[in-house]
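Here is the structure we will look at, set down as structure tokens.
The values are calculated or read from the model by the stated rules, or taken from the named source; none is laboratory data. Because the structure is a prediction, the values reported are computed rather than measured. FYI the Cβ positions are ideal-geometry reconstructions off the backbone, even for glycines, and counts take in every protein chain you see. For accessibility, only protein heavy atoms count, side chains too; no ligands or nucleic acids. Shrake-Rupley method; radii C 1.70, N 1.55, O 1.52, S 1.80 Å.
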Amino acid sequence: MLAHRLARRSPKCGRRRPPVPAADGKTQVTVRYELDEHGRQRPVEIERVLISTQHRDGLDCDTLSSPT
């Protein structure tokens, strides 16, 4: 659910600072689970968030402006 929500929001970021993100992107969220006292798995921590997008050839990240 978290990775899906991040993926849905990713194109919106590109509209603020075009043309950084491209059409192809991937998201991944790694969640750590522990067993509770009833033996059910419960999420306890988000361990890693990864967002990957394509960018235009020749784009220099050092020259991009920060979002306002």
When region 1-44 is checked residue by residue, the ones that are at pLDDT below 85, assigned to a loop (DSSP other than H, G, I, E, B), open to solvent by 70 Å² or more (accessible area, probe 1.4 Å) and among the charged types (D, E, K, R) are 17
Which listed residue is touching a Ser or Thr at 6+ places or on another chain (Cβ under 8 Å), at pLDDT below 85 and among the hydroxyl-bearing types (Ser, Thr, Tyr), from 53, 68
53
